[in-house]
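The values are calculated or read from the model by the stated rules, or taken from the named source; none is laboratory data. Note that the coordinates shown come from a computational prediction; the quantities given were computed from them, not determined experimentally. Neighbour counts are summed over all protein chains in view; Cβ atoms, including those assigned to glycine, are modelled from backbone coordinates with ideal geometry.
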Amino acid sequence: MKRIQATVTGRVQGVGFRPTVARYAADFGLAGQVSNTPLGVVIEVEGPTAKIESFLDRLQSAPPPQARIEKIAVDEVAAVGRKGFAIVASSRSGDLVAGMPPDLATCADCLREINDPDNRRYRYPFTNCTNCGPRFTIIERLPYDRPVTSMKIFEMCPECSREYHAPTDRRYDAQPNACRVCGPSVKFVDARGNALPGEPIAEAARLIRSSAIVAVKGLGGYHLCCDATNDATVRLLRERKNRPHKSLAVMFASLDEAQRYCVLDEIERKFLTDVARPIVIAKLRKGCGLSALISPDTKDVGAFLPYTPLHHLLLAETEPLVMTSGNLADEPIAKDETELRRILGRIADYALIHDRPIVRRCDDSVMKMVDGKPLHIRRSRGLVPDHVEMPLDGLPVLACGAELKNTFCVTRGRQAFASQHIGDLSDYIAYKFFTESVADLTKLLEVEPRAVAHDLHPDYLATRYALESPIATKIAVQHHHAHIASCIVENRLDGKVVGVALDGSGYGTDGTIWGGEFLVADLADVRRAAHFRQYPLPGGDEATRNPVRIALSYLLADMPEADEATIKKLLPGLEREEFAVLRRMIETGMRSPMSSSAGRLFDAVSALLGLCDRITYEGQAAIRLQERATAQTEETYEYTIEQAAEPAIVSFAPMIRRIAEEKLNGADTATIARKFHNTVAAAVAETCAFIGEAEGLDAMALSGGVFQNDLLLRLIENNLRNRGMRVYTHTTLPPNDACVALGQAAVAVARLRNN
Ligand code: ZN
Ligand code: ZN
Ligand code: FE
């Protein structure tokens, strides 16, 4: 006889862990108890050694479906000789967020119930159990328990209560447990908010089939939904949302249905059906029947599957649905009735609503599969609040992140919690969402940050927030250093790397705009070893919205002999007046900051090829350029690397010239676009090679929004591997500015350590 105490850490709370433990203990005839504690789930079992070992093996190999065990620490304790096995009530003290799961998609058992006319939950849209249902978006406080969730306003009926209290039931301790008798209910309302007669979900489906746009309340906010096979409705949605081109996500009723519209490989199917239910960017089948207006700039579609019973019931009665964030332009996703009022009547004709409040706003996560691995584009619902393990322990830090695609990050010990997608902080509502979320997450984690990390850009609202914060210790982190630091942490790298940060823009230590950067970096230190050649950006951000102006700047620099007529021929979209004004700005340097941005290089070439003069969403010019690069060629253009002094300068001037000449000669743009990608990849690899050689480093870390371009990413990875280098890309966070906060946090922790 022996008694052990096992402490299990990882995602072990809110996923039916304790009943599983109790069942396994019973299977092996072991006595003891299990409880939730701030340290994790603590199990004590007593019995013959062999049985205890079998029990631990079983737990290890067959944990509850949604649990993720990180570690089981086992200690021997004194035997007590008592019989039976007890589930001890939740500990009321301490911070349990480490074990808190994200929102979980409806499980197969619950789905079966809502489709079974004989089940008491037949067609009940809020069905859930310990293996599925809302978590992160309904929790007000921890430890996770019903009275501190938005389910507190619903009192369980006797039947639900019985399930909730029976350790052998699938709904044992399932906090959002509910049924038609006692739980939340749906309502279908018109543009003025008046409830309409009929069965709400069936009515919503009927009106969607006849071309209506309906706001649907989901887990983390409202979606705007309409028939994805109906051109007229999709066009109307785009007009009302003022979103002419950016692709719209489409929800399919099932994996089978998704496969009728998209070409899906095994890994894409795996992630589409993952419990996180992200949007997976997949290839559309030609002539599949989806509206061509879903993604006018690409042949892809952001596909996802239902993740709540409400979605399942709705999609069962409709064609595939456009499901896009319910918001105006760049605002955060609407989450409550007040915010719904801003879109209802303006964008949505009707709304399918319900009375379970959303505590925490959370957009859908977005990813794309590249070489069998997910490339995250947006990490939010279903993935937050899973933490990232940091290499160093340290004081708690708040990192405020960047301006666009903002996320922030809070550390506690070695755990770093990256927030859900916040959005573009220049929007007032997004900024409010940011400040509220910072307060919310620090409260949830019960940490008081002792240092605040921020970007160098003085005008980022996140920077100002940090500088005005009462936290005395402030740590400024250069934007691209943060990018690379995030990649280092996610890959658990030790020591220095060559970091390649290719992105739109980030404030440099010299006051210019950086974005095509080669850094020799570890977490604490960074050196700029090389960068892309700088060009003036006439009008700054205004230029970014007008790629044709960037193309002009590149042409004036790289093809100085070109006269106005030649430039007009190359850039027909440039207005006459624009040309004169911009040229003067560039020549005098007035309001024309210098930038080494890789994103702007893509913009310039895209405009030069006539693919995109003005953008309607961030990254559009680069997306069209990648989409055009269909020619099969390995040719490259000429480029130069000036290594005389540090930082070295990587110049694509010869390429810009050559592209302009080819364009004037009417060359095929598909070939030019592909050769351009090849050239950037070759130049990046060669630059990495010489820096790596000089520094004795063979680890290359890639980050920055430009790496959302999977063609470029693959080419660079191949080039680097062919040169014998180890290549690291983001594993957990997106390469875009959503990773900046984690990187800032890691740098801050490392620097605090060194002091
Ligand atoms: Zn379930
Ligand atoms: Zn009930
Ligand atoms: Fe960036």
So LEU392 fits all but one of (1) out of contact with any Gly (no Cβ under 8 Å at 6 or more places or on another chain); (2) at positive phi; what number is the exception? (2)
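So that you can scan it fast, the table gives a plain yes or no per residue for (1) over 30 Å from VAL214 (Cβ atoms); (2) touching a strand residue (DSSP E or B) at 6+ places or on another chain (Cβ under 6 Å); (3) of a type in the set (D, E, K, R); (4) not in a strand (DSSP E or B):
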{"site": "PRO143", "(1), (2), (3), (4)": "yes, no, no, yes"}
{"site": "PRO147", "(1), (2), (3), (4)": "yes, no, no, yes"}
{"site": "ASP169", "(1), (2), (3), (4)": "yes, no, yes, yes"}
{"site": "LYS187", "(1), (2), (3), (4)": "no, yes, yes, no"}
{"site": "GLY193", "(1), (2), (3), (4)": "no, no, no, yes"}
{"site": "GLY198", "(1), (2), (3), (4)": "no, no, no, yes"}
Any residue in region 496-506 that is within 16 Å of ligand 3 (Cβ to nearest atom), farther than 29 Å from SER592 by Cα and among the charged types (D, E, K, R)? no
Inside region 355-378, the number of residues satisfying the requirement of being out of contact with any His (no Cβ under 7 Å at 6 or more places or on another chain) and either within 20 Å of ALA249 (Cα to Cα) or assigned to a strand (DSSP E or B) (or both) is 12
Qualifying positions in region 120-162 - at pLDDT 95 or above, within 14 Å of ligand 2 (Cβ to nearest atom) and surrounded by fewer than 19 Cβ atoms within 10 Å (Cβ to Cβ): ARG120, TYR122, ILE153, GLU155, CYS157, PRO158, GLU159, SER161, ARG162
What is the residue count in region 106-116 for residues that are away from ligand 2 (no atom under 16 Å from the Cβ) and either crowded, with 24+ Cβ neighbours inside 10 Å or in a helix (DSSP H, G or I) (or both)? 5
Cβ-Cβ below 6 Å, separation at least six or inter-chain, first residue in region 151-167 and of a type in the set (D, E, K, R), second within 16 Å of ligand 1 (Cβ to nearest atom): which pairs? GLU163/ASP169; GLU163/ARG171
Determine if region 78-93 includes at least one residue that is within 29 Å of PRO134 (Cβ to Cβ) and at pLDDT 95 or above. no
For ARG209, the lone unmet condition from (1) more than 26 Å from VAL15 (Cα to Cα); (2) basic (Lys, Arg); (3) out of contact with any strand residue (DSSP E or B) (no Cβ under 9 Å at 6 or more places or on another chain) is (3)
Let me confirm something: among GLU587, GLU517, which residue is more than 16 Å from ligand 1 (Cβ to nearest atom), within 28 Å of MET700 (Cβ to Cβ) and charged (D, E, K, R)? GLU517
For region 535-542, check the following and say yes or no: at least one residue is assigned to a loop (DSSP other than H, G, I, E, B), touching a residue at least 60 places away in the same chain (Cβ under 8 Å) and either touching a Leu at 6+ places or on another chain (Cβ under 6 Å) or surrounded by 20 or more Cβ atoms within 10 Å (Cβ to Cβ) (or both). yes
Select, from ALA466, ALA439, ALA416, the only residue that is in contact (Cβ under 8 Å) with a residue 24 or more places away in the chain, more than 19 Å from MET390 (Cβ to Cβ) and either among the hydrophobic types (A, V, I, L, M, F, W, C) or in a helix (DSSP H, G or I) (or both). ALA466
Suppose we filter region 146-197 for residues that are touching a Ser or Thr at 6+ places or on another chain (Cβ under 6 Å) and either among the polar types (S, T, N, Q) or more than 16 Å from ligand 1 (Cβ to nearest atom) (or both); how many remain? 1
Given the conditions (1) under 26 Å from ARG492 (Cβ atoms); (2) part of a strand (DSSP E or B); (3) not aliphatic (A, V, I, L, M), and given that ASP386 satisfies all but one, which numbered condition is not satisfied? (2)
Inspect all residues belonging to region 166-175 and state whether any of them is in the same structural domain as ILE347 (by TED's automatic domain parsing), surrounded by fewer than 20 Cβ atoms within 10 Å (Cβ to Cβ) and at pLDDT 95 or above. no
GLY99 vs (1) at pLDDT 90 or above; (2) buried (at least 20 other Cβ atoms within 10 Å of the Cβ): all pass except (1)
Being within 33 Å of the chain's Cα centre (by Cα) and more than 16 Å from ligand 3 (Cβ to nearest atom) narrows ALA195, ALA166, ALA202 down to just ALA202
Yes or no: region 227-238 includes at least one residue that is assigned to a helix (DSSP H, G or I) and in contact with a Pro (Cβ under 9 Å, 6 or more places away or on another chain). yes
Set ARG123, ARG18, ARG112: member being among the basic types (Lys, Arg) and either touching a Gly at 6+ places or on another chain (Cβ under 9 Å) or not assigned by TED's automatic domain parsing to the domain that holds PRO200 (or both): ARG18
Step by step: first the residues of region 396-413, then only those that are over 19 Å from ALA430 (Cα atoms) and at pLDDT 95 or above, then the one that is surrounded by the fewest Cβ atoms within 10 Å (Cβ to Cβ). Which residue is that? PRO396
Applying the selection to region 65-81, what residues are among the β-branched types (Val, Ile, Thr) and assigned to a strand (DSSP E or B)? ILE69, ILE72, VAL74, VAL77
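Residues are listed down the side, and each one gets a yes or a no for (1) more than 30 Å from ALA621 (Cβ to Cβ); (2) within 16 Å of ligand 1 (Cβ to nearest atom); (3) more than 21 Å from the chain's Cα centre (by Cα); (4) loosely packed, with under 15 Cβ neighbours inside 10 Å:
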{"residue": "VAL452", "(1), (2), (3), (4)": "yes, no, yes, no"}
{"residue": "ASP494", "(1), (2), (3), (4)": "yes, no, yes, yes"}
{"residue": "VAL497", "(1), (2), (3), (4)": "no, no, yes, no"}
{"residue": "SER505", "(1), (2), (3), (4)": "no, no, no, no"}
Restricting the search to region 347-364, which residues are within 15 Å of the chain's Cα centre (by Cα) and either outside the structural domain of LEU314 (by TED's automatic domain parsing) or among the acidic types (Asp, Glu) (or both)? ASP363, ASP364
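So that you can scan it fast, the table gives a plain yes or no per residue for (1) within 16 Å of ligand 2 (Cβ to nearest atom); (2) in a loop (DSSP other than H, G, I, E, B); (3) of a type in the set (A, V, I, L, M); (4) within 14 Å of ALA653 (Cβ to Cβ):
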{"site": "THR509", "(1), (2), (3), (4)": "no, yes, no, no"}
{"site": "GLY516", "(1), (2), (3), (4)": "no, no, no, yes"}
{"site": "LEU519", "(1), (2), (3), (4)": "no, no, yes, no"}
{"site": "ALA529", "(1), (2), (3), (4)": "no, no, yes, no"}
{"site": "ARG549", "(1), (2), (3), (4)": "no, no, no, no"}
{"site": "ILE567", "(1), (2), (3), (4)": "no, no, yes, no"}
